[in-house]
1. Dipole of the range 1-65, Cα-centred, from +1 at each Lys and Arg C-beta and -1 at each Asp and Glu C-beta, to the nearest 20 debye?
2. Could you sort the peptides 33-46, 96-109 by per-residue average Cβ neighbour count (10 Å cutoff), highest mean leading?
3. In whole Hz and in residue order, list the ³J(HN,Hα) couplings for the range 22-31 that follow from phi through the Karplus curve 6.51 cos²θ - 1.76 cosθ + 1.60, θ = phi - 60°; x for Gly and Pro.
4. Could you give the length gained by full extension between residue 22 and residue 34, i.e. 0.36 nm per residue of separation minus their alpha carbon distance, to one decimal place?
5. Tell me the carbon and sulfur percent of the accessible area for the range 1-62, rounded to whole percent, probe radius 1.4 Å.
Amino acid sequence: MNQEQSGQKLPPVTPAQIVCARQIKKFFSGNLEAAVISYPPFPGTEINYLRAQIARISAGTHISPVDYYKFEEDDEDDSDGEGRDSFVENVEFEPPRVQELIDPSLSNWVHHCSTFYHKADVFGLT
């Protein structure tokens, strides 16, 4: 693998970066160290903006049919308010009919991974 093909590990994303990335529309320049000039001001450089956009896309696209996954038994207590994030495939799952899955209301689909809410808090299944 040559220098041009090597990858670079992206930094962790912060809630402030996710909130701001949601509010701005900005083209990427390709320079990961470039400042992101925007309003509201983005808290980081282009590498942070890229990571925030990847987190938003990933959180919004992990979906599955309702009841395809279930929570593990020791995750039943949600008293700490942080949401549940340990799930396993439901072996008793019976797939819905295709007509139900293509319903425009999307009521037969859920996010099966943590998702971001408006304040960039992370919660479990929605």
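The values are calculated or read from the model by the stated rules, or taken from the named source; none is laboratory data. Note that the structure is predicted; figures quoted are calculated from it, not measured. Reconstructed Cβ throughout: ideal geometry from the backbone, glycine too, with neighbour counts over all protein chains shown. Calculation scope for accessible area: heavy atoms of the full protein, side chains included, ligands and nucleic acids excluded. Shrake-Rupley method; radii C 1.70, N 1.55, O 1.52, S 1.80 Å.
1. Values: 6 positive and 3 negative charges, 53 e Å.
Dipole about the Cα centre, nearest 20: 260 debye.
2. Working: 33-46: 14.0, 96-109: 10.8.
With the highest mean Cβ count within 10 Å placed first, the list reads 33-46, 96-109.
3. These are the phi-based 3J(HN,Hα) values: 5, 8, 10, 10, 8, 6, 7, 8, x, 9 Hz.
4. Values: separation 12, 0.36 × 12 = 4.32 nm, distance 1.90 nm.
Here the segment from residue 22 to residue 34 would lengthen by 2.4 nm.
5. Values: 2520 of 4330 Å².
Carbon plus sulfur share of accessible area: 58 percent.
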